[in-house]
Structures are given as structure tokens and as C-alpha cells.
Amino acid sequence: MADNAAEAALKYLRDPAIAAGLGAMAVASMYYLTSRPTPQPCPVDPMKQSYELPDGDYARMNSLTTELVEKLFEDVSTSHEAFLRGKRLSGDKPCLGYRSSPGGPYAWLTYNEVYERSADTGSGLIEIGSEPVDEEHVFIGVYAPNKIEWVLVEQACNMYSMTIVPLYDTLGPESCVYIINQAKMVTVVCDESKIKVLLEQSDKCPKLKNIVKIGSSVTDEEKEAGEKVGIKITCFRELEEIGKNHRHQEKPPKPEDLAVVCYTSGTTGNAKGAMITHKNAIAMLSGLVHLVQECGIPISSEDVHISYLPLAHMYERLAQLMLFTYGGKVGFYGGNARNILEDLQVLKPTIFVSVPRVLNRVYDKVIKQASSSAVKSFLFNLAMRFKKAELERNIVRNDSIWDYLVFKKIQNSLGGRVRFVISGSAPLRDDVMIFLRCALGCQVFEGYGQTETTAAATLQMIGDQTYGHVGPPLPCNKIKLVDVPEMEYYAKEGKGEVCFYGPNVFKGYLYDEEKTKEAIDEDGWLHSGDVGEWQPNGTLKVIDRKKHIFKLSQGEYIAPEKVEKVYTQCSMVHQVYVHGDSKKSCLVAVVVPEKDPVEKWAEKNGVDGDMDSFCANEKVNKAILDQMIAEGKKEQLKSFEQVKAIFLTPEIFTTENGLLTPTLKFKRPALKKHFLQTFEDLYATVPE
């Protein structure tokens, strides 16, 4: 019997995966005993990360502070002063980097060079006739991807008290026309590819007089096309030269002045221009940095950030503002998302600001590689177990034996120097969060907010190993939950609509007092439309949406009622409920088929049965989905607005079964709950 046991043991040890695992465990144990890593505790009681204020309306603040944080430095009250601080710290050191050729090194402009070129750009914009639209505002449009010139225009606007207004492709041509007209724009700085788009819409934009072309010189064809519609086209280098020869005295902004009008897309009706002041931006930055530094993570001139998220959104703008304030480096990705890993490995960022869609890809790729062999899978799972055990003791590091054996390649794929990661714009899955903290060996924070809070309003804290929430309020704002009785959410039970108050809350919507009053109540609280729930540890969990608009994992907004209206025009569709998950990148739907057209289609295509069997038939499902997609294309739905899978049910939505209101509108929470498992099953059929 002993011989059999010995033989079994030897056979067990001869397995390569087992042998490798045991060897790795032995080395890891020895390394751990000699290295003795130090835990990183939460800067506050992790079970009391926020506290309720005594005013009776259930508002809460971050436990780090008793007063709202508005600024970190006495001499930094505007975005312009933030850049000047960075210039003082890093005048002749790198500021903005770009790759002049694929595969080449990064070339850099220093802080002093960026300052001088921004002054030239601002003076040039004034010289070519960028007129004020009223007593206060000069709006400058920017319609381009992330690049050096984008930042030069922004810094120029900051230097001369002008206001930048980003335009971007997902808004669509009609929204761009609306924005140009609402902001009464005279000048738009754009990429070469956008000139044709702007000229084609010029008859609808009577105020537009100047286009500044980023890139090569203006061609004769472009010049002639512009002259025909009364628009002068100037290349960016020429604009800078004009400004250099006609330098204007700086006109720095005040904290209350507008820094940017950031238009939000994806809602019904026209886009809304969120007015963000310099005070808003500095308060947001100060709240974020205050929390991060209290978590033991300093920001310095040695930090490097890769700019690949759209500069048209406040999330990326906040990241750059943070780097500029501390004299750090911002390097732009090469423009091709497929090559971003190469950009990361050359730039070697220390801070990685990202979104779940990108982080999910990293996770999926690693899991796929780890599953390719028994040995890899065994070692990966073993390494994850050890690192998870350290996480539970608040130990986050990248120098364990498991990092060297398993995770170093993953860390090097992001450049090998990332100190912390911030994820925003959509929820990050718990398994991805745990994986990133283990594999990257650095802090990974998830935040939550919206354009109207100047990007963020909450952020997770170090030393909290619970998941599924977005952290406590940032030190720059309060948060309260208010009753949503129609959805049975009540503030006294710790559930309700999420509302924000603080110096980072926007000024309102440009020239739209009605929408502003809908968003900000008479006491100054911004109503988000999201439904939240306070967790026992004082963190916030977003659990629902009061308004029917929601966001997909890649950050695109969806108005489901708009999509449903299009699909109900299909002859074979009687009712359709469109569903989206903020952790998924596409839509799915439940469809009640229209009886007569479906029966006619079935007869014509040789499909026998009744409505119950038709709903379970794959051919019928495909026919209805194809009709819906065709109708969506006809009505110009964007690709992300089209559903990718449908479930057919013969059960009509009625007031009797609780799926319609008395006014025959969808009871969306009830439908979501009723078909919850169906949606999970549908998503399982759709490749990510």
C-alpha cells in the first residue's frame, strides 16, 4: 500500500504543471518571508469613507475633510494658472510629446515652447477675427483628434480668456451645425479631414467665417472652395506666424469665466452645451489630487500620461490638467488604436487613465493566453491566488516573485512604469478590477461622475478591497440621494436619485435656461438621473437610471425609446423593448411579433406552426432581426444603436401583466426585472 502511495506521489510530481507550481510556490514562500511587504491602509476608517451631514437631507461628504476642497494652491485658481505653475516647475523640460513617424521615438515640446506657441496661436486667432459673440464670450471650435495643436488652441484660449468648444464625430453633422450656430462660432480649428464636412454645411452656419487647418498648407482647391462660401481657410502654421508678428498682451481669465462648453451627445433632442468654468476645473482637479495624495500616491513632474481618450470629453481634459499642474509629460498616441500598445511601450506612462472597454480587452487577452496550456493556466491561477491574498491584506506591489514569474509581461505591455490606473465613463467588472490590481501591481481606482460635474464626483480609495461600488464622494463635492417614488426608491432607505453639490458642479447649459433648471434645482443641487445606493462603508453604488437614457461600456449614450420607435415601424414587430447593460458594448431586445405579417412570412417560407412555435424558431428570429436592422439603417440609427440579438415572446405587454402603465407606456423597471435572465442569455450569444 505504501509502495502504491509512493508511486502515485511520484506520478503526481512528474506532471510538468504540478512540478512547476510546487517549485514556484517554494520560491514564492522564500521570497515573501525575506521581502516582508508593507500594507497600504485606507487613509480613513474603511468602514466609514463618508459621513452624513446633520442637515436632515441625507447629504454625505468624504471622511477626509470637513469642508469642500476648492483648490490646492493659492496661486492656482484657473486652468491658465495651472499651466503657469507647471511651466515654473518644468520650463525647459518636456511637456507635449508626439511620434512624427510610425515606429519612431517621441519628439517633445518643452513647457516654454508650448507657452510661446500658445501665445502665438491665441494672438493669431484674435488677428484673423475671432469675434466675441456677446460682452463676455469668444467661442473657438475645435474639430480634431488628440494632437499637439488641440492643446495649443486650448492653452491659447486660456491665455486670452476665450472659450474652447469641442466638436466630435459621434455628434453627427446636424449636431455640429447646431453647436456652431448656438455658440455663434466665427472660427473653427479642424483636422484636414473635417474641412470638406464644414464647407458642405456652411450654408447652414452663417456666422462661420474662419477655418484653421491643422496639417499641411492650404491647397488651391481648399482655398477656392472656402472663398465660394465666404470662409477663409488658414493653415495652423500660418496662424502661429500671424500671431508671432502681431503678439497681443495676455488677457488671463478669472475663476468664474468659462473654460469650455462641452456638448453632451446621445440624448433626445439637440445636444446640450455644459458650461464649465475655470473654478469648476480647478475644484475637480483639487478634489481628485487631494484624495489620491491622501492615499499615499504623490503626483510630480516625473509623471507621464498617454493621451488617447477623446480630448472633446472632460475625462481626458482633467487628466491633462493634472499633469500640467505638476509639470509632468503628456504624450499623444499615434492615432491608430490598434498600435496603442506600441505607443505605451515607447512612452512608458506612469499614470494610465482608461475606460472599461480598453481594460476588458487587456483582461480578455491575458485570460485567453493563460488558458492556452495547462502549465500556463496553473501558474496564472496560482499567482492570482497569492496576489489576491495580498490584496486582502492591503498589499499592492509589482515586485513579488509572482510579478517576475507571471505578471511582468503584462506590466511591460503598458510600458512597465504605471503607478496607478483610473477607470471611468462606465462600470468596471469586479473580476477585471481584481485582475488589474493583481497583474499590474498598482492601485486601480474606479470613479463616477458626468460632464456636468466636470468629469468625476466619486473615486474609490486605497485600502478598500470591496467591489461593485464607485467609492465615496470626492472631497470637492457633497452627494445626496433623493426619493424616486415611482421606482420605489427612498432616501431614508439609502436609495434614490444621485445629486451633487459643490464647486465642481457646472454653471448650466449654454443659452438654455429651461434645461439648466431641469438639471440644477433652486438649492444648487445637480440631479444626475442615476439612482444610487449607499453601501455600509459609506461608498456609493449606482443601481439604476431614473431617466431612460443609459450608457454602454464604450461610453456611447443610448436613448432606448428613440430606437424602439424606429423598430416598431417594422411590419413584423408589434412591441419591442430595447435593453442595454453599462458593462456591455451592444444592445439586445425583447420583441413581441406582429401576428399576421409573421404568419404570412412563415407560410411563404415553409415554416409551420403557431405563434408559440414561431417565437422559438431561429429562422423567424433571424427574419425579424434582419427587418429591424434594415429599418434601423433606413432611419440612420448609428451602429451602436442597433440591437445585436433579440428574444421573441408571444406575451403582449399589457397593464394587466404589469408591463405597461395606465397611459400604455412601458414600465421599464418591471420589464427589465421580468426579462433579466433573458437578457443575460442573449448577451451570452453575442461575441464581445
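None of the figures in this text is laboratory data; all of them are computed from the coordinates on show. None of the values given here were measured: they were computed from a predicted structure. Cβ: placed from backbone, ideal geometry, glycine included. Neighbour counts: every protein chain shown.
Values for this structure:
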read-out	value
Ranked THR325, THR66, criterion: other C-beta atoms within 10 Å, fewest first	THR66, THR325
Radius of gyration and maximum dimension Dmax of the chain, Cα, Å	27.6, 98
Projected area averaged over orientations for the stretch 351-488, convex hull of C-alpha atoms, nm²	10.1
Extension gain (nm, one decimal) between LYS228 and ALA684, 0.36 nm per residue minus Cα-Cα	158.7 nm
Pairwise label distance in nanometres, SER371 with GLU136, each label 7 Å out on the Cα-Cβ vector	5.5
Amide H within-cut-off set for ASN146, under 5 Å, with H built and near neighbours excluded	LEU311
Distance violations [Cα-Cα > 23 Å] among LYS619/LYS672; LYS279/LYS551; LYS565/LYS638; LYS87/LYS408; LYS546/LYS667; LYS48/LYS541	LYS619/LYS672; LYS279/LYS551; LYS87/LYS408
Selection from GLN49, ALA616, TYR501, by position along the positive dipole direction of the chain (Cβ)	GLN49
For peptides 670-682, 166-178, 286-298, sequence by mean Cβ density within 10 Å, most packed first	286-298, 166-178, 670-682
Computed lengthening from THR66 to THR219, 0.36 nm per intervening residue step minus Cα-Cα distance	49.2 nm
Descending principal axes extents, the stretch 207-304, alpha-carbon based, whole Å	57, 42, 27
Note, ³J(HN,Hα) from phi for the stretch 666-673, Karplus 6.51, -1.76, 1.60, rounded to Hz, x at Gly and Pro	4, 8, 4, x, 5, 5, 4, 5
Charge dipole (debye, nearest 20) of the chain; +1 at Cβ of Lys and Arg, -1 at Cβ of Asp and Glu	1820
Using a Förster distance of 45 Å, the FRET efficiency for LYS595-LEU341 (Cβ separation, nearest 0.05)	0.30
Neighbourhood charge, 12 Å Cβ-Cβ cut-off, centred on ALA645 and excluding it, Lys, Arg +1 and Asp, Glu -1	0
Positive-end extreme of charge dipole, the chain - chosen from HIS469, HIS248, TYR160 (charges on Cβ)	HIS469
Mean Kyte hydropathy of 0.5 or more with a Cα span along the axis of at least 30 Å, helices from DSSP in the chain	none
Spin-label model distance (nm) - LEU53 vs GLU522, 7 Å beyond Cα toward Cβ	1.8
Sequence of THR219, THR163 once ranked by neighbouring C-beta atoms within 10 Å, starting from the fewest	THR219, THR163
Cleavage-rule hits, GluC sites (Glu not before Pro), the stretch 42-72, DSSP coil, Cβ neighbours within 10 Å at most 16	GLU67
Packing-based ranking, highest mean first, of 308-319, 476-487 given that Cβ atoms within 10 Å are counted	308-319, 476-487
Ranked PHE73, PHE506, criterion: other C-beta atoms within 10 Å, fewest first	PHE73, PHE506
Calculated over the stretch 271-418: convex hull of Cα atoms, volume per residue (Å³)	144
Translational diffusion of the stretch 68-185, µm² s⁻¹ [Kirkwood Rh, Cα pairs; Stokes-Einstein; 20 °C; 1.002 mPa s]	134
Computed Kirkwood radius, in angstrom, where 1/r is averaged over Cα pairs of the stretch 395-465	13.1
Net charge over other residues, Cβ less than 15 angstrom from the Cβ of ASP608 (K, R count +1; D, E count -1)	-2
FRET E, pair GLN569, THR38, Förster distance 45 Å, beta-carbon r, rounded to 0.05	0.10
